[in-house]
Amino acid sequence: MHSKINQSFKKGFTALTFFCLTLILTACGNSEDAQKVKAALDVNTLNITSLEVSSPRDIMEITATEPFTAMAIIANGTKAPINISNKVKWSSSDTGNATINSSGVLTGKAIETLSVTVSAQLADLTASKEIKLSNAPLERIDILTNPSPVSVCRGGYQLTAEGKYETEVGEAEDIRTITDLVTWASGDQTLLKFGETGVFSTYKDGTTTVTASLNTIDASAPITINDDIDSIAITAGSDTVNVGSTLSFTATGTYDDTSTADITKNVSWISDTPSVLSVSNDTATKGIATGVSVELANISATCLSSEAVVSNEALITVKVLPVIDGVSINEGTANLEFKIADSPEQLTAKLTKSADSSFGKVVTDNDNISWSVKRTISGTALTVSNTKGSKGEITFNAVGITEIEIRYDDKDADEGPFSDVIEVEIVAN
Amino acid sequence: MNKLLPIAFLSLFSVGFASATELYGEINTSYVFSKIESEKFNPLALEARFGFYLEQQVGLEVYYGAGLSDDSQVGIDLSLNTLAGVNLRFESPETKDRMKIFVLLGYGMSEWDVDRSGTGEPGKVDFDDFSYGGGFEWRIDKSKNWFMNVRGQSFLNRDDLNLSTGSLGVRYAF
């Protein structure tokens with residue numbers, strides 16, 4: 001009897017083995033399916049109702065590259081759109097003549113003029129844009145919106161370049177904005193430097209020339225930089241910094257015409273004691289000071305103009321780094337939880353006014369919860385993170401009382417919006 | 001590469017099965033813990049397992065499961081269509097209280113049906129990955145053949161996707 005049962009089951013097992021083998025071999029578990037599922041989740045969690053695709057030009061050269069941008073329209077446009085160019089799946093209607101990479105950059109491979117449709121897909125939402133690949137040669141470059149003369153030690157001056165392309169007799173003019181395609185060059189890097197495409201900053205007064213070039217065609221324009229800075233005032237978020245920590249300074253320039261500008265990136269920063277507090281003059285980190293050793297140090301800024309205007313001095317105390325991790329405050333019935341980051345050890349956070357006990361839906365990292373500082377009641381405000389992964393995390397570096405607002409809005413469940421305010425006081429130990 | 005592993009497991013299973021004398025079958029009801037990024041879905045599933053012992057405390061089993069219910073989060077409806085795979089089962093000796101623990105190592109696949117806000121998209125998706133787990137098992141009363149067990153097993157853990165189950169099952173050793 002036992003043997004018969006075994007024999008029957010063996011047949012069943014054999015069938016089951018082949019069945020499972022078929023199932024597993026036909027499975028094509030891959031990252032593409034994972035992307036599909038995550039895209040569907042993104043659409044719903046971000047409340048994306050449609051997509052929009054754009055690019056700087058409607059016509060591009062046949063072997064050039066063109067960056068495309070995919071924007072998510074949130075809640076039918078009632079909220080600010082979000083750039084999701086790195087989340088969507090890009091495709092080209094004619095991969096033989098133009099390919100597009102995962103970042104949305106289209107690369108032309110055509111040999112004659114044609115049109116290609118670029119599409120972006122996120123879950124079941126799609127959007128597209130048609131672009132013409134033209135083999136018309138560039139005839140001329142024009143530099144537009146030349147702001148000369150400009151002020152010394154000031155940034156954000158934008159130049160624009162237009163390209164005029166050859167057309168057949170009777171065709172409409174082919175003029176394209178090519179600010180991002182041309183190579184911008186300064187005639188004198190000590191006076192003027194280019195940052196992002198066509199944007200320049202000035203560092204010294206004088207006259208120089210800027211050049212835009214593409215495909216052996218170029219155009220130039222003179223730029224005059226006036227020595228019109230009147231004064232520089234520097235400020236910092238704090239008058240103390242820990243050893244190993246950084247402190248950002250801001251420089252504000254006042255000009256002869258009484259206008260003011262943030263010139264943090266255009267001045268030269270000076271520390272009177274770099275062994276205590278160093279300050280960076282590198283392009284990316286200009287005006288950021290780093291505590292080196294415990295002591296006092298003065299920071300100032302100067303513009304390298306003919307007048308050599310120097311700012312006020314900021315006296316900074318460099319202190320030993322305090323470390324506190326893992327402190328949390330639980331607010332009983334409302335299930336509120338804060339996480340505290342980078343708080344000086346001589347300070348403590350405490351709730352001074354509880355949330356309404358009926359407001360019991362707060363979960364720190366829930367997508368439906370948003371955290372924000374509502375107002376500063378006294379002293380120095382703290383900051384609260386609303387970034388996924390660190391929601392509800394508060395950071396503070398001085399005493400004060402701050403109101404934090406928590407909003408709950410679950411559109412899918414049609415719950416909310418609810419909101420409540422709690423008060424957090426930072427006190428000295 | 002991934003597909004060579006189940007082939008190897010199942011070939012081993014087929015060859016071993018032909019000469020096996022100690023066989024077993026098992027039914028589990030499972031609470032599914034699946035996670036897509038930060039959203040958690042908890043459908044229910046039913047699994048059937050069949051296996052045989054390669055050695056006294058080493059078994060080789062195949063399993064097949066299907067979803068009993070679906071779950072929805074943020075407008076995404078998720079149901080588990082299929083859960084299938086192979087495990088090596090390592091058992092501890094049975095204690096005098098008729099209890100033993102076991103560890104599972106194997107490879108499995110799962111097919112999900114995902115529906116965004118009633119659009120039917122993205123539809124059926126499937127994944128395969130190494131699986132592992134373990135549990136406790138009690139011989140029911142003084143029966144020679146019947147066992148009750150509690151097990152946990154992870155089937156998928158990559159690309160911000162997770163799938164694991166907590167199961168209550170009954171096993172019969174032939």
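The values are calculated or read from the model by the stated rules, or taken from the named source; none is laboratory data. These figures come from a predicted structure and were not determined experimentally. Counting neighbours? That spans all protein chains shown, and the Cβs are built from the backbone with ideal geometry, glycine included.
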Practice prompt. Considering only the range A:240-271, state which residues are loosely packed, with under 14 Cβ neighbours inside 10 Å and part of a loop (DSSP other than H, G, I, E, B).
Written response: A:GLY244, A:ASP256, A:ASP257, A:THR258, A:SER259
Worksheet, complete the sentence: Taking the range A:90-108 and keeping residues crowded, with 17+ Cβ neighbours inside 10 Å and either more than 15 Å from A:MET60 (Cβ to Cβ) or under 25 Å from the mean Cα position of the chain (by Cα) (or both) leaves A:TRP90, A:ILE100, A:GLY104, A:LEU106
Discussion item. Would you confirm whether or not the range A:371-385 contains a residue that is modelled with pLDDT under 80, surrounded by 14 or more Cβ atoms within 10 Å (Cβ to Cβ), touching a strand residue (DSSP E or B) at 6+ places or on another chain (Cβ under 6 Å) and among the β-branched types (Val, Ile, Thr)?
Written reply: no
Item to complete: Look at B:GLY134 and say whether it is touching a Leu at 6+ places or on another chain (Cβ under 8 Å), buried (at least 22 other Cβ atoms within 10 Å of the Cβ), farther than 30 Å from A:LYS411 by Cα and at pLDDT 90 or above.
Response: no
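Out of all the residues in the range B:71-113, which are charged (D, E, K, R) and away from chain A (no Cβ under 14 Å)?
Restricting attention to the range B:71-113, the residues satisfying the condition of being charged (D, E, K, R) are B:71, B:77, B:89, B:91, B:94, B:96-98, B:100, B:111, B:113.
Selection gives B:ARG89, B:GLU91, B:GLU94, B:LYS96, B:ASP97, B:ARG98, B:LYS100.
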Discussion item. If I filter the range A:120-130 down to residues being more than 14 Å from every other protein chain (Cβ to nearest Cβ) and surrounded by fewer than 21 Cβ atoms within 10 Å (Cβ to Cβ), which single residue comes out as farthest from the chain's Cα centre (by Cα)?
Written reply: A:GLU130
Worksheet item: Pick from the range B:40-52 the residues that are surrounded by 17 or more Cβ atoms within 10 Å (Cβ to Cβ) and within 13 Å of another protein chain (Cβ to nearest Cβ): which of them is nearest to A:ASN368 (Cα to Cα)?
Response: B:PHE41
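Listed residues B:VAL114, B:VAL58, B:VAL150, B:VAL103; which is β-branched (Val, Ile, Thr) and crowded, with 22+ Cβ neighbours inside 10 Å? Give the derivation first.
Working: B:VAL58 fails: crowded, with 22+ Cβ neighbours inside 10 Å; B:VAL150 fails: crowded, with 22+ Cβ neighbours inside 10 Å; B:VAL103 fails: crowded, with 22+ Cβ neighbours inside 10 Å.
Matching residue, one of B:VAL114, B:VAL58, B:VAL150, B:VAL103: B:VAL114.
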Item to complete: Give the range B:143-169 a look and list any residue that's touching a residue at least 40 places away in the same chain (Cβ under 8 Å) and either under 12 Å from the mean Cα position of the chain (by Cα) or part of a loop (DSSP other than H, G, I, E, B) (or both), or say none.
Response: B:ARG151, B:GLN153, B:PHE155, B:LEU156, B:ASP160, B:LEU163, B:SER164, B:THR165, B:GLY166, B:SER167, B:LEU168, B:GLY169
Discussion item. For the range B:110-142, which positions are closer than 26 Å to B:LEU60 by Cα, assigned to a strand (DSSP E or B) and among the charged types (D, E, K, R)?
Written reply: B:GLU111, B:ASP126, B:ASP128, B:ASP129, B:GLU137, B:ARG139
